[in-house]
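The values are calculated or read from the model by the stated rules, or taken from the named source; none is laboratory data. A quick note: this is a predicted structure, and the numbers were derived from the prediction, not measured. Positions of Cβ are backbone-derived with ideal geometry, glycine not excepted, and every protein chain shown enters the neighbour counts.
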C-alpha cells in the first residue's frame, strides 16, 4: 500500500472513530438530559446538554458518511490495484495451472476479499477500539468499578469471540473458495457445452456433477452461517450481561439515577461497533484463504526468464537459426488443468473434436456453431450466415504484445508423460522469404517448436537466433513482435467482427481488413454478415471453420516478419481446406513462413519440408525428394492420396 493510500486509510479510520464517538456522546448526553430533566432543573442547566445532543446527532451522520466515502474509496482502489497486479502476474508466458472458471473466481471473488479486509475488518476494528476506549473513560469518570466490568465485556465481545469464530471458520473457509470455483467450472460446462452433452447423452451426468458441487458448496456455507449466527447470539448475550452488571453495580454503589442511566446506555452503545467484529473474525478466515489463492497466482514462476537488459530488437530481413534445440516440458503436476504440448486438445465446451479434412465431422445437433442450431445472431435472417463444410475446432493468434501461453488442453503431452524431450536436437534455418513446412504425428513436437520460437517455453539446451541475436537476450514482447501468427487457441471476443480483426491491426483501414479476410477465404461470409455483426463470446455464433479462418485473417493482418501457422486448414472439409491452403501458399510467397500441417497437398510449393518424430528431425527435403524415399512422409502421402480417391 503506497503512502497516498495510507493517508486515505487513516482518514477513513478517523472518520469511523469520530462517527462512533459521536454516537456514544449522543447516547450519553441524551441519557443525562432525560434523567436530569426529570428532576425539573432550570432550563439553563440543560442548555449545554441540548446543544451537545444536537451536535452529536448531526456529527454522527456527517462522520458516518465521510467514513463510508473514504473507506470504500480506499477499499475499491485497493481491490483495483490487486486485480491489476493479478493481471500483470498472468501476462508473462507460463504453464497454465488453473482452469478458466477457477481464474475467474480468483479474479472476482478472491479480489473482493481485499475490499472486505478493509471495510469489514480493519476499519471496524480500529473504530471499535477507539469507541470502546472512550466508553471506558466515561465509566472511569463516573464509577471506576463499572469500567472494569465494561472492559471485561468488551474484551470478550471484541477479542475472544472474533478469535473463536475465526478459528471455527478456518476449518472449512479454505475449502469454500475452491468449492465455489469448482461449481463455476461445472456450470460453465453445462451452459457452454449443453448441446454436445445432450448429443452424447452425458447431460444427466454433467448435471449430477454440478448438483454435487453445488451441494458441497452449500454444506460449507451452511456451516459458515451457523458460525455467524452463533457469533451474533454470543455477542448480544455478552452485551446484555455486561449492561445488566453495570446497572447492578451502579445501583449498589449509589451512583444515582442520572449516573446509572448514563453508565447503562453508554455501556449498551459501546458494544454497537464491537459486535460486528465477531462476524469480521469469521470473514477474516475466508479473506486469508482468498489472499493465499491470489498469492499462488502471483508466485507462479513464468515459463521463460526475461533478460535484465534486453538486447535491441533486430531490424530488417530476418534470418532465424535453430541450433540443436532441446525443450523438455516440466514434470506433469496432477493439479495442472492444462499443459503445453502437441497432445490432441480437449475441445472447448460447445465444440466437437475433428481430424483435419474430416468432412464427416460436422457440428452436432444443436451445436452453437452448427448451421442448423438456430442460434440468433446478427444478419439478414437473424443469424450469422454459416459456410458449408466446416467443423468446430480451435486455432488463434498469439497476442503480439504480452502473449500468454496458449493452453492446448488437459491431455498430458506424450513427451511429458514419458519424460523424453519434446524437442531433441532440432536444427533449422529460416532465411528471408523461405517457407518451411513442419510435418509429423501428434506429439512429435511441432507446436512446441512454434512455442519455442515465440519464447513461450524455455529451451533446456541449444539456441534460437534471429540475425545472430539469441532469443534469450531479447524481451518476450519483442520476440512475439517478430515471430507470431496462428496458434492452436484463438479467442473471439463478444464484439463486432471488425473489432475482433483489429486486435491484430488497430490502425488498419477497411481495405486492409477486406484483403485479410479475402486471403483467409472469408470474403463472401463477411459480405453476408457485415463488418459490424457482433460475434458471441469465444466465437460461439460462428462455425469452427469460420473461427479458424478469422484467426488466420488476424495473423495475416498483423503480418509479422516471420509468420508462424499451426494447422491453418484445421476444422475444414477437404475441398475447403484445399482451397484455403492453395490461397495461403499464394499469399505467403516471398514471405518468411513456418507452416505446421498434417495435410501434404500443396507442399510441393514450399522450399523445405521437415519431418519430426518424437521430437527429432527424421527427414528433410522437398516434396518430390521425400515421396521418393521410404519414411513417414511417403506413408502419409500415400495414405492421403488413397483417402482422396
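Observations on the structure shown:
Here is a yes/no grid of residues against (1) surrounded by fewer than 19 Cβ atoms within 10 Å (Cβ to Cβ); (2) part of a helix (DSSP H, G or I); (3) at pLDDT below 85:
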site: 71; (1), (2), (3): no, yes, no
site: 95; (1), (2), (3): no, no, yes
site: 150; (1), (2), (3): no, yes, no
site: 158; (1), (2), (3): no, yes, no
site: 173; (1), (2), (3): no, yes, yes
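- Reported count of residues in region 627-645, each being within 21 Å of residue 577 (Cα to Cα) and in a loop (DSSP other than H, G, I, E, B), is 1.
- Residue-level analysis places residue 576 outside the set of residues that are modelled with pLDDT of 90 or more, in contact with a helix residue (DSSP H, G or I) (Cβ under 8 Å, 6 or more places away or on another chain) and either more than 28 Å from residue 422 (Cα to Cα) or outside the structural domain of residue 636 (by TED's automatic domain parsing) (or both).
- Within region 316-323, not a single residue is in contact (Cβ under 8 Å) with a residue 40 or more places away in the chain and within 19 Å of the chain's Cα centre (by Cα).
- Qualifying residue in region 558-572 (condition: without any contact (Cβ under 8 Å) to a residue 60 or more places away in the chain and surrounded by fewer than 22 Cβ atoms within 10 Å (Cβ to Cβ)): yes
- Qualifying residue in region 254-276 (condition: over 24 Å from the mean Cα position of the chain (by Cα), outside the structural domain of residue 178 (by TED's automatic domain parsing) and surrounded by fewer than 21 Cβ atoms within 10 Å (Cβ to Cβ)): no
- Residue match in region 201-216 (condition: more than 30 Å from residue 254 (Cα to Cα), within 38 Å of the chain's Cα centre (by Cα) and touching a residue at least 40 places away in the same chain (Cβ under 8 Å)): no
- Annotation for region 524-542: at least one member residue is surrounded by fewer than 20 Cβ atoms within 10 Å (Cβ to Cβ), over 28 Å from residue 189 (Cα atoms) and in contact with a helix residue (DSSP H, G or I) (Cβ under 7 Å, 6 or more places away or on another chain).
- Among the residues of this structure, residue 555 does not count as one that is modelled with pLDDT under 90 and buried (at least 20 other Cβ atoms within 10 Å of the Cβ).
- From the options 277, 325, residue that is modelled with pLDDT of 85 or more and either within 30 Å of residue 453 (Cα to Cα) or touching a strand residue (DSSP E or B) at 6+ places or on another chain (Cβ under 6 Å) (or both): 325
- The criterion of being in a helix (DSSP H, G or I) and surrounded by 13 or more Cβ atoms within 10 Å (Cβ to Cβ) holds for residue 59.
- Residue list for region 492-517, restricted to those being out of contact with any helix residue (DSSP H, G or I) (no Cβ under 8 Å at 6 or more places or on another chain) and assigned to a loop (DSSP other than H, G, I, E, B): 495, 506, 507, 509
- Of all residues making up region 230-243, the number that are surrounded by fewer than 16 Cβ atoms within 10 Å (Cβ to Cβ) and under 15 Å from residue 143 (Cα atoms): 0
- Residue match in region 224-243 (condition: assigned by TED's automatic domain parsing to the domain that holds residue 159, within 18 Å of residue 106 (Cα to Cα) and either free of Cβ contacts under 8 Å to residues at least 24 places away in the same chain or assigned to a helix (DSSP H, G or I) (or both)): no
- So residue 37, is it closer than 30 Å to residue 123 by Cα and assigned by TED's automatic domain parsing to the domain that holds residue 135: no
- Qualifying positions in region 11-48 - touching a residue at least 40 places away in the same chain (Cβ under 8 Å), under 42 Å from the mean Cα position of the chain (by Cα) and more than 21 Å from residue 275 (Cβ to Cβ): 11
- Being in contact with a strand residue (DSSP E or B) (Cβ under 6 Å, 6 or more places away or on another chain), more than 30 Å from residue 306 (Cβ to Cβ) and assigned to a loop (DSSP other than H, G, I, E, B) holds for only one residue in 489, 532, and it is 532.
- Condition check for residue 311: modelled with pLDDT of 85 or more and in contact with a strand residue (DSSP E or B) (Cβ under 9 Å, 6 or more places away or on another chain): yes
- Hits in region 292-307 - residues which are surrounded by fewer than 16 Cβ atoms within 10 Å (Cβ to Cβ) and touching a helix residue (DSSP H, G or I) at 6+ places or on another chain (Cβ under 7 Å): 298, 306, 307
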